[in-house]
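Down below is the structure, laid out as structure tokens.
The values are calculated or read from the model by the stated rules, or taken from the named source; none is laboratory data. Note that the coordinates shown come from a computational prediction; the quantities given were computed from them, not determined experimentally. Backbone-built Cβ (ideal geometry, glycine too); neighbour counts: all protein chains shown.
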Amino acid sequence: MEYANAVHIERASKPPPPPQETPKKKAMNGDSMAVEPSKTVNPSPGLLDPENKLNAEEISMLRSESINSINNSSGRSSRLGRVFTAKHEKSSKSRRALLHKGNLPRGEVEMSIRYAEPTKKLVVQVLRAKQLLAWDKNGQCNPYATVKLISLENSKDVQKRKTGVVKGSVNPCFDNHFEFNVEPNDLHNYKLLISVKDDTNYGAFSAKPTLGQIEMRLTSLDKWSLAQQWIRLEAERN
């Protein structure tokens, strides 16, 4: 009977060797190489994936180009706006200067005034106008008339009336009848302002032009009345 010697016992008690840390795979040429850890591959990488990630310098350049583009566009719009406004204001000023020339005929208005004592009303009739001086280069306008009862004390409008707009005519027919409430003993404190204006849109920055106006104090009327007649329009007063 044979017994194991000391060498055999030592080999039997020796622990097994640890597993290899990096497995090897054999290449086609027989050399061994390490197997890379597995990773997930995105079949359609986006801007935020590692393959397409932008560095800080590139992002800063893109932002700067975008801001410059916006500023350039805003600058062009601002310049165009200033050019349009300047041309519009120049055109409006030239037309306004033409209308304010006192030697140009502005047409006439057919009207009448009377005071109805039983009802204590001042009655103003605005019938029609003729040969109006138009702003439009083609000599047309869209006229309407306003009638204001104005206090002589503070020059404020006390009451106001307005006709309808007559499209495309320098000889409009208004045929309007207006009444103003005035006490008999207050008639001397007022005046009437009849204005003929053009309702045509000459631009966002242009007010409705006054083609002509008639101003009269009620004290100038004989018995607070004016027989139906044609009265000449005058230039608007500043």
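Taking the criterion of being in a loop (DSSP other than H, G, I, E, B), within 15 Å of Glu236 (Cβ to Cβ) and of a type in the set (S, T, N, Q), the only residue of region 186-226 that qualifies is Ser206. Among Lys130, Lys148, Lys121, Lys137, which is the only one that is in contact with a Gly (Cβ under 6 Å, 6 or more places away or on another chain) and either charged (D, E, K, R) or within 17 Å of Val165 (Cβ to Cβ) (or both)? Lys130 is the lone residue from the list that is in contact with a Gly (Cβ under 6 Å, 6 or more places away or on another chain) and either charged (D, E, K, R) or within 17 Å of Val165 (Cβ to Cβ) (or both).
Per-residue answers, yes or no, for (1) touching a Cys at 6+ places or on another chain (Cβ under 9 Å); (2) closer than 18 Å to Leu122 by Cβ; (3) surrounded by 18 or more Cβ atoms within 10 Å (Cβ to Cβ):
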site: Glu179; (1), (2), (3): no, yes, no
site: Thr200; (1), (2), (3): yes, no, yes
site: Gln228; (1), (2), (3): no, yes, no
site: Arg232; (1), (2), (3): no, no, no
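Looking across region 212-224 at every residue that is at pLDDT below 95 and either of a type in the set (Gly, Ala, Ser) or in contact with a strand residue (DSSP E or B) (Cβ under 8 Å, 6 or more places away or on another chain) (or both), the one that is surrounded by the fewest Cβ atoms within 10 Å (Cβ to Cβ) is identified as Lys223. For Asp175, the stated conditions do not hold, so it cannot be described as surrounded by fewer than 20 Cβ atoms within 10 Å (Cβ to Cβ) and at pLDDT below 95.
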